[in-house]
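Each remark here refers to the structure printed beneath this line.
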Amino acid sequence: MHSMFLSLFSIGLGLNTVNTVYGDTIILPCRIEVPDDLMFGKWKYEIANKAPVFIAFRSATKKNVQYDDVPEYKDRLSLSENYTLSINNARIGDEKRFVCMLVTEDNVFEEPTIVKVFKQPSQPEIVSQANFLETQQLKTLGECIAKDGYPEGNLTWYKNGIVLQPVEGAVVISEQANVDKASGLYTVTSVLEYKPTKEDTNAQFTCTVSYYGPIGLETIRSESAVFDIHYPTEKVTIEVLSKRNTIKEGDNITLKCSGNGNPPPQEFLFYIQGESEPIRSSSLYVLADVRRNATGEYRCSLTDGSLLDSTTITVHLLTFYPVDLDLSLTPSGEVIKRIGEALPVSCTISSSRNATVFWMKDNTRMRTSPSFSSLQYQDAGNYICATNLQEVEGLKKKQTLTLIVEGKPQIRMTKRTSSDGTYKTISCIVEGYPKPAVQWTSSGSIINQTEETRYINGKFSSIIRIAPEENVTLTCVAENSLERTVTSLNVSAISIPEYDESDERNGGGDKENVSDQAKLIVGIVVGLLLAALVAGVAYWLYMKKSKDVHGESEKEAAQNIQRLPRQES
């Protein structure tokens, strides 16, 4: 919008009109066809009841340009070869009738152009805001102001997005406009007097400025304003503040009286059993060491005696035999131990009635009592051993133990190649308390680009990602107030994939493959052994049968020989 090319040209009622933005360049074309015998062209401006003022001249033959000595246009004019006049840094005073003149030997041609200048006002603001508004009172809410606009803008007030119309005695709007004599710009102000109701609590008040720009009517809205609405108290409430379900002799009772006004009342009258006159007090009144005769109705009201409210209090006579209750926790307070050590914990109660013990750790109730045969980091925390007697409401005891588990830094390093083979992830898994500080080095140089996981239960990981071109040795140093621990790990070049045995994604798969191969080999060996055994048994049976057959044949042959007739010699 703030560009010399946004000057708009329009024709209305037979006159050429150029609309431009304040501070932009005004472009005034000479809308006359240039005659062949033109001698020169001139520009002038005209003001009603005043002589015209010439401001620019251009010769058609000598091609020279002259600007008249007019102070308000000094160094602001430019006349082109086609007799278009440019005026930079448009001002309100440029709203005139400018005339282009083309002169020949026989004639003078003129064409007027009306210049209109527009300036967008600032965003309206609600100033001089009231600290608060009171119901039933007409009071100045604030002033809406929009500065440095042209032509003069109009202001409108809104409540929750709805236009506020003047209402006698409830909504009064007064407006004022001031013009800066030097610049000609307008500052408009609208004062809103408003009588609120209780329903106006949290209502949002805004104002807008409507103004004419080069392209027509436009609107800018202010930021919203919310006002504190004061209204009188219409209801008083009395209540008993007690953590117990029943009130017994010897208790202290706190009565609270409140009103629903804004601001709420700070003082009340309390009507107390046994007192002949009401007692003026703040919103809280304490009855100390009450007895059974304190049973009855208690009331409170505003300080003028209006808007009463009441409540009934019953004080019970509770008879108990003397009750002793004591609790002992060993150890207690802050205890610092080393990881792996044992810590016997004992919480005992001494009571003349039945009492039970329960444990809390870090505000969470534990299912069982703590037992520390070998302390771990996750055992650290705040422990509470507590007991109470249900028979005597409010009778309870508790002891605390703050356990700190310390340990020297322990390091385990792992390595894993990324799935795409472009980098390797090296992890330094550290355990210890206080939390160890970790430093990485490679060939004596410190590595700063590291990541850390959350420190939970004395354990965290420090991670680096590298893509080494050759084999390297990485060193992880972990140090706390107890000790300094150093561990190194050899890492192959990026071209050689490698995984830790503990790597579940890759190492685990390799183990399964090796296991499957071993099972296959064992199966094959067992199968071969079984086949050899079967073959051996078959061969043995075959040989045995062969021997039996051969033996029977010899026996039969011998018998046949015996049956032959013998010949005597």
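Derivation of every value follows stated rules applied to the coordinates shown; laboratory data play no part. Everything numeric here is computed off the predicted structure, so don't read it as measured data. Cβ atoms come from the backbone with ideal geometry, glycine included; neighbour counts cover every protein chain shown.
Relative contact order, whole percent, for region 343-498 stands at 19, derived from Cα pairs under 8 Å and 6 or more residues apart.
Are there trypsin sites (Lys or Arg not before Pro) in region 38-74 that DSSP puts in a loop and that have at most 10 other Cβ atoms within 10 Å, and which ones? Write out the running numbers ahead of the final one.
Values: sites: LYS42, LYS44, LYS50, ARG58, LYS62, LYS63, LYS74; in loops: LYS50, LYS62, LYS63, LYS74.
Answer by residue number: LYS50, LYS62, LYS63, LYS74.
Compactness of region 134-174 was expressed as the Cα radius of gyration divided by 2.2 N^0.38 Å, which yields 1.39. A cut-off of 5 Å between modelled amide H atoms, ignoring neighbours fewer than 5 places along the same chain, links THR402 with GLY333, GLU334, VAL335, TYR383. Computed extension length for LYS435-ALA170: 88.6 nm, one decimal, from 0.36 nm per residue of separation with the Cα-Cα distance subtracted.
Net length available on complete extension from THR237 to GLU275 is 11.6 nm, with 0.36 nm assigned per residue and the Cα-Cα distance removed. For the listed residue pairs LYS256/LYS361; LYS139/LYS198; LYS195/LYS256; LYS74/LYS147; LYS50/LYS119; LYS248/LYS361, the alpha carbons are over 24 angstrom apart in LYS256/LYS361; LYS195/LYS256; LYS74/LYS147; LYS50/LYS119; LYS248/LYS361. Taking every alpha-carbon pair in region 57-144 and binning the separations at 10 Å intervals from zero gives 12, 30, 19, 10, 10, 10, 7, 3, 0 percent. Simple spin-label estimate for GLN399 and GLU267 gives 5.1 nm between the two label positions (7 Å along the Cα-to-Cβ direction from each Cα). Annotation: extensible slack from THR295 through ASN252 equals 14.2 nm (criterion: 0.36 nm per residue apart, minus Cα-Cα distance). Note on PHE54 and ALA182: with the Förster distance fixed at 35 Å, the Cβ-Cβ geometry gives a FRET efficiency of about 0.85. In summary, the convex hull built on the alpha carbon positions of region 12-112 has an orientation-averaged projected area of 7.0 nm². In region 73-194, the C-alpha radius of gyration followed by the widest Cα-Cα span (Dmax) gives 23.1, 81 angstrom.
A simple packing score, the average count of other Cβ atoms within 10 Å per residue, orders the peptides 158-165, 274-281 as 158-165, 274-281, with the highest score first.
Below 8 Å between Cα atoms, with a sequence gap of 6+, how large is the relative contact order for region 150-280 in percent? Can you show the working numbers first?
On the way: 209 pairs, mean separation 24.9, N = 131.
Dividing the mean separation by the residue count of region 150-280 yields 19 percent.
Would you work out if region 397-471 is rounded, prolate or oblate? Take a ≥ b ≥ c from the square roots of the eigenvalues of the alpha-carbon gyration tensor; rounded if a/c is under 1.5, else prolate when a/b is larger than b/c, oblate otherwise.
On the way: a/c = 3.81, a/b = 2.52, b/c = 1.51.
Taking the square roots of the gyration eigenvalues as a ≥ b ≥ c, region 397-471 is prolate.
Pairs of Cα atoms nearer than 8 Å and 6+ residues apart set the relative contact order; for region 36-82 it is 29 percent.
Would you mind pulling out the separation of the Cα centroids of region 416-478 and region 38-93, in Å? Going from one Cα centre to the other spans 78 Å. Site pair ALA288 and ASN448 shows an inter-label distance of 6.6 nm when each label is modelled 7 Å from Cα along Cα→Cβ.
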